[in-house]
Amino acid sequence: MVAKRSTKRFHALSRSTTMNLGALPLLWALLLATGCDKMRGDSSKSSAAPTPNSKTTGELPPKDPTPEPTTVLIGEYGSLTGSEATFGQSTHNGIILGLEEQNTQGGVKGKKVELKTYDDQGKTQEAGTAVTRLINDDKVVAIIGEVASSLSLAGGAVAQKYGVPMVSPSSTNMRVTMVGDKIFRVCFIDQFQGYVVAKFARENLKTAKVAVLYDQASAYSKGLKDDFKKAFVDIGGQVPTEQAYDAGATDFSAQLTSIRATNPDAIFLPGYYTDVGNIAVQARKLGIKVPFLGGDGWDSAKLAEIGGAAIEGSYYSNHYSHEEQRPEVQEFVRKYSAKFGQVPDGLAALGYDAAKILFHAIERSPSLSGADIALALAQTKDFHGVTGIITIDKDRNAQKPAVMLQVKGGKPTYVATIEPSK
Ligand code: PHE
């Protein structure tokens, strides 16, 4: 257990081991017996390793100081299982690709980068627990995560409290980075995304009336619904009804029947792919023929698996398309496909960009303290990422174009790019 190598493994929280203070004398004896070499580069050793930003005290025995860690340990939390599993899995793959490249080029600050990952199963409470463990048990210097905004809000509150920088690759709800000055993201926010879909619906699809169906417990879904509505009404559109659902529900017929009664031109559905697929299937059974419109939460190969013909022809906004001809995109698609045997989705691209931006920031940072790394992150400027040119603004967000995709033959197909207007 002590010398467990965990760099590339998924960890279910329930199966991870915690080290409590009572176990430390024994642990220390074991470490001395096995020798320090075994500990080097071991990402689960950290209860015995001093780090600059540790807020815990009294964990180290007074003598025999452990040498400076020879690696830089980064934390990751994400939904590797559950109904948003592809979010966590794709992001993890993207991070791993970025990390391996970084290590091939000498790591950061002359040290190898290692990653400790926890599976939060897409659950808010697990997200908070995962971040607490990354900080207190593993002593990571910075954290990448989460995808879902509600989970980034939960995890971000913990990271901010301990002063450990967190970079969300893909959480788009405005409030995520408002948690505090240690919380960053490398993606656009929902105010922009809502505008993108509204503009596309109005100008490209010429819709006048768009009904809305959203997940009432999701910060992302609620926020994006409001942002879309505002933008759509601003440019002369009409939202005849607004219905709410619970994630994971199996029967959406009441909401869909109410929507059908308003005879809309399209239905805006800012949810995550599993619910979206199920809702589309039920809508078609109820005779609803108009296209669905959505946001980045649709981004999963599972969407078409679940939604099948019901989701065919519908549109959603996203952070990138694998069909873009920019060299950054094409090179990433080639490397990722060769390694993982699948075409990378937007989450993979954002995970990769988040990892790269974090490594570059750590490289520029004068120390491994949370304060220094956060300052370096804040200075990120014109980084040529796979998902666009990334500059971190004063609110710790990134302003980038979005793409509109259409589900065609079960595949996300590039339709348009929409630039930030201001
Ligand atoms: N933007 C979504 C959220 O904030 C997460 C997401 C990003 C999902 C990109 C898929 C692709 O909850």
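Along segment 332-346 the Karplus relation, 6.51 cos²θ - 1.76 cosθ + 1.60 evaluated at θ = phi - 60°, assigns HN-Hα couplings of 5, 4, 5, 5, 5, 4, 5, 7, 10, x, 8, 6, x, 8, x Hz to successive residues, with x for each Gly and Pro.
When the chain is fully extended, how far beyond the present Cα-Cα distance does Glu203 get from Val281, taking 0.36 nm per residue of separation?
Details: separation 78, 0.36 × 78 = 28.08 nm, distance 2.70 nm.
Residue separation times 0.36 nm, minus the Cα-Cα distance, leaves 25.4 nm.
Largest first, how would Lys285, Lys109 line up by accessible area (1.4 Å probe)? Working shown, then result.
On the way: Lys285 165, Lys109 70 Å².
These residues rank, largest area first, as Lys285, Lys109.
Listed by chain and number, the aspartates and glutamates whose alpha-carbon sits under 16 Å from that of Lys408, ignoring those within fewer than 8 places in the same chain, are Asp299, Glu305, Glu312, Glu323, Asp345.
At 4 °C and 1.567 mPa s, grab the translational diffusion coefficient of segment 295-422 from Stokes-Einstein with a Kirkwood Rh over Cα pairs, rounded to a whole number in µm² per second. Write down the numbers at each step before the final one.
Working: Rh = 16.0 Å.
The estimated diffusion coefficient comes to 81 µm²/s.
Contact order, relative form, for segment 329-422: 16 percent (alpha carbon pairs under 8 Å, 6 or more residues apart, mean separation divided by residue count). With θ taken as phi - 60° and the Karplus curve 6.51 cos²θ - 1.76 cosθ + 1.60 applied, the whole-hertz 3J(HN,Hα) list for segment 83-90 is 6, 10, 4, 5, 4, x, 5, 5 Hz, x standing for glycine and proline. Taking one equal scatterer on every alpha-carbon of segment 209-282, how large is log10 of I(q)/I(0) by Debye at q = 0.12, 0.26 1/Å? Results for segment 209-282 at q = 0.12, 0.26 Å⁻¹ read -0.29, -1.27.
For Glu419 and Ser253, a Förster radius of 51 Å and the Cβ-Cβ distance give a FRET efficiency of 0.85, rounded to the nearest 0.05.
For the pair Arg334 and Ala261, a Förster radius of 60 Å applied to the C-beta separation gives a FRET efficiency near 0.75, rounded to the nearest 0.05.
Backbone amide hydrogens, once placed in the peptide plane, bring Lys112 within less than 5 Å of Val72, excluding anything fewer than 5 places away on its chain. For segment 162-261, the Stokes-Einstein estimate of translational diffusion at 20 °C and a viscosity of 1.002 mPa s comes to 142 µm²/s, using the Kirkwood hydrodynamic radius over alpha-carbon pairs.
The string of couplings for segment 96-113 from the Karplus curve (6.51, -1.76, 1.60, θ = phi - 60°) is 4, 4, x, 5, 5, 5, 4, 5, 5, 8, x, x, 10, 6, x, 10, 6, 8 Hz, one whole number per residue in order, with x for Gly and Pro. Taking amide H as placed 1.01 Å from N in the peptide plane, Tyr214 has its amide H under 5 Å from the amide H of Gln243, Ala244, Tyr245, each at least 5 places away in sequence or on another chain.
Of all accessible surface on segment 211-296 at a 1.4 Å probe, what whole percent is carbon and sulfur? Please report the intermediate quantities before stating the final value.
Working: 1630 of 3350 Å².
Carbon and sulfur atoms account for 49 percent of the accessible area of segment 211-296.
Extending 7 Å from the Cα toward the beta-carbon at both His384 and His360 defines two label points whose distance is 1.0 nm. Using a Förster distance of 41 Å, how high is the FRET efficiency between Glu323 and Asn103, based on the Cβ-Cβ distance and rounded to 0.05? Plugging the Cβ-Cβ distance into 1/(1 + (r/R0)^6) gives 0.85. Distances between placed amide hydrogens fall under 5 Å for Gly75 paired with Lys116, Val141, Ala142, Ile143, Ile144, all partners being 5 or more residues away or on another chain. Would you give the gap between the C-alpha center of segment 360-422 and the C-alpha center of segment 143-179, rounded to a whole Å? If we compute the Cα centre of each part, the gap is 15 Å.
Can you list the equivalent-ellipsoid semi-axes of segment 191-318, largest first and in whole Å, using the square root of 5 times each Cα gyration tensor eigenvalue? Write out the running numbers ahead of the final one.
Details: eigenvalues 77, 49, 40 Å².
Computed over segment 191-318, the values are 20, 16, 14 Å.
Semi-axes of the equivalent ellipsoid for segment 175-214, computed as √(5λ) from the eigenvalues of its C-alpha gyration tensor and ordered from largest down, come to 30, 11, 6 Å. Sorting Val186, Val415, Val239 by solvent-accessible area of protein heavy atoms yields Val415, Val239, Val186, largest first, with a 1.4 Å probe. Summed over the residues of segment 191-318 and divided among them, the accessible surface reaches 38 Å² per residue at a probe radius of 1.4 Å.
The values are calculated or read from the model by the stated rules, or taken from the named source; none is laboratory data. No experiment lies behind these values; they were computed from the predicted model shown. Cβ atoms come from the backbone with ideal geometry, glycine included; neighbour counts cover every protein chain shown. SASA here: full protein model, heavy atoms, side chains in, ligands and nucleic acids out. Shrake-Rupley method; radii C 1.70, N 1.55, O 1.52, S 1.80 Å.
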